[in-house]
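Peer 1: Following this message is one structure expressed as structure tokens.
The values are calculated or read from the model by the stated rules, or taken from the named source; none is laboratory data. What you are looking at is a predicted structure, and each value in this text was computed from that prediction instead of being measured. Using ideal geometry, Cβ is built from the backbone for each residue, glycine included, and neighbour counts are taken over all protein chains shown.
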Amino acid sequence: MHTADFLADRQANRADLPDEDDRNISDLQVDQVEFADVVVINKCDLVPAAEVDRIRGVVAQLNPGAKILTTARARLDVAEILDTGAFSYEKAALAAGWLKSLREEVEPETEEYGIGTFVYRARRPFHPARLWNTIKNVFVVIQEEMVVVDEDGEEMTDAEEDDDDDDEDMEDVEGDDDDDEEEEQPQLDPKKRLAAKMAHGTFGPLLRSKGFLWLATRSRMFGEWSQAGVMLTIQGGDAWRCEMPEADLLSLDPASRAVVVGEIEKGGRWGDRRQELVFIGQKMGADGGRQRIQDAMDACLLDDEEFRAWERIMERGGDDVEERLAGLFEDGFEDWVEPDAHGHDHGHDHGEDGQCSL
């Protein structure tokens, strides 16, 4: 997972890839491991035994339920991998280590071959600007641009729409815009960003993280966070369950409804809004990795004064709540598509118990 390459970088014939295929190697590798029922670690004769153990530890944390086989020169009994009848889509969908960590309590000191898991939780929103400043130099941040339809029925990205609106003013601020763009997107070379991550004391040892987040400027929706190696994808998810119409809540089966209602009640007047992120990486335990991540993420939360200001706006309510929140807290993240606007849920999993497990 220590690569900044995209699939197109390794495709011999790029013409075989659709133009819109912007998948990266780290995400593809993690997706495959998390979904597999058997993982084969090959060429074990070419590395020290300690390295084989470390790789086994990574695979076991990413997918605790997978059968792990180690081989040299790809020699193995094909009966171990073919026609085993062991694959279950339902089981595979719930097999990822991050999802298991959300569903079960993880002992913070538990590490296997130096690889550990830590679940970050908080009942306070992130300040968008502080979160951005924390991640912008150590991850390649991938965001989904919102697509809008113009008056001629043509699709365009939100950024293109903004460009059209601002055309008349461009001559006056062109120089300033260049400076802003450089500040917002530092180190655009993914390989430089990878080097920065590897040298970072907090995020360098991090291999995988996933979950959902709460931004102070986006009170109705949670964001989805998915990181593999240097690649970090942040996009809009769905409405918080406390924002669900009562009819939708009542339509859940009793067990799921009880879980959702319990989570809403746990959060008090702000419902189930919260941060819930699973971090998987090296040096989590005795080396202090968990505490460094905890401190870094805590520093992104609203402080007491900011949170009181946030609460005052929320308490006043009104249709312009998010507009007023955006005026209070700087937010440079891409706009998120409201759930009702797209009619689907970005493919995240609410789990068998109705929790927001993404």
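Peer 1: I need a count of the residues in region 288-343 that are assigned to a helix (DSSP H, G or I) and closer than 21 Å to Gly237 by Cα.
Peer 2: Of region 288-343, the ones assigned to a helix (DSSP H, G or I) are 289-298, 304-316, 321-328, 339-342.
Then keep just the ones that are closer than 21 Å to Gly237 by Cα; that gives 297, 314, 321-323, 325-326, 339-342.
So the count comes out to 11.
Peer 1: Return the residue satisfying two criteria in turn: it lies in region 209-227 and is of a type outside the set (A, V, I, L, M, F, W, C) and touching a Ser or Thr at 6+ places or on another chain (Cβ under 9 Å), and of such residues it is farthest from Arg54 (Cα to Cα).
Peer 2: The selected residue is Glu224.
Peer 1: For region 24-34, name all the residues that are more than 20 Å from Phe279 (Cβ to Cβ) and not β-branched (Val, Ile, Thr). Before the answer, list the steps.
Peer 2: First pass over region 24-34, keeping only residues more than 20 Å from Phe279 (Cβ to Cβ): 25, 28, 32.
Across region 24-34, the qualifying residues are Leu28, Gln32.
Peer 1: Then there's this: Look at region 193-203 and say how many of its residues are part of a loop (DSSP other than H, G, I, E, B) and in contact (Cβ under 8 Å) with a residue 24 or more places away in the chain.
Peer 2: Residues meeting the conditions: 4.
Peer 1: Right, something else. Answer yes or no: is there a residue in region 275-287 that is loosely packed, with under 12 Cβ neighbours inside 10 Å, of a type in the set (D, E, K, R) and either assigned to a helix (DSSP H, G or I) or at pLDDT below 90 (or both).
Peer 2: No, because not a single residue in region 275-287 is loosely packed, with under 12 Cβ neighbours inside 10 Å, of a type in the set (D, E, K, R) and either assigned to a helix (DSSP H, G or I) or at pLDDT below 90 (or both).
Peer 1: Name, by its number, the condition in (1) modelled with pLDDT under 95; (2) surrounded by 12 or more Cβ atoms within 10 Å (Cβ to Cβ); (3) not acidic (Asp, Glu) that does not hold for Cys300.
Peer 2: (1)
Peer 1: Given the conditions (1) surrounded by 22 or more Cβ atoms within 10 Å (Cβ to Cβ); (2) under 28 Å from Ile313 (Cα atoms); (3) of a type outside the set (Gly, Ala, Ser), which single one is not true for Met231?
Peer 2: (2)
Results for (1) at pLDDT 95 or above; (2) touching a helix residue (DSSP H, G or I) at 6+ places or on another chain (Cβ under 9 Å), shown as yes or no for each residue.
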position	(1), (2)
Asp164	no, no
Val173	no, yes
Glu182	no, no
Leu215	yes, yes
Pro245	no, no
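Peer 1: So which residues in region 27-49 are over 18 Å from Ala66 (Cβ atoms), among the charged types (D, E, K, R) and in a loop (DSSP other than H, G, I, E, B), if there are any at all?
Peer 2: Lys43
Peer 1: Out of curiosity, is Val278 within 19 Å of Ser226 (Cα to Cα) and β-branched (Val, Ile, Thr)? Steps first, answer last, please.
Peer 2: Numbers: within 19 Å of Ser226 (Cα to Cα): yes; β-branched (Val, Ile, Thr): yes.
Taking the combined requirement at face value, the residue satisfies it.
Peer 1: A further question on this structure: Could you look through region 184-213, keep only residues that are closer than 27 Å to Glu322 by Cα and at pLDDT 85 or above, and pick out the one that is farthest from the chain's Cα centre (by Cα)?
Peer 2: Across region 184-213, the extreme among qualifying residues is Leu213.
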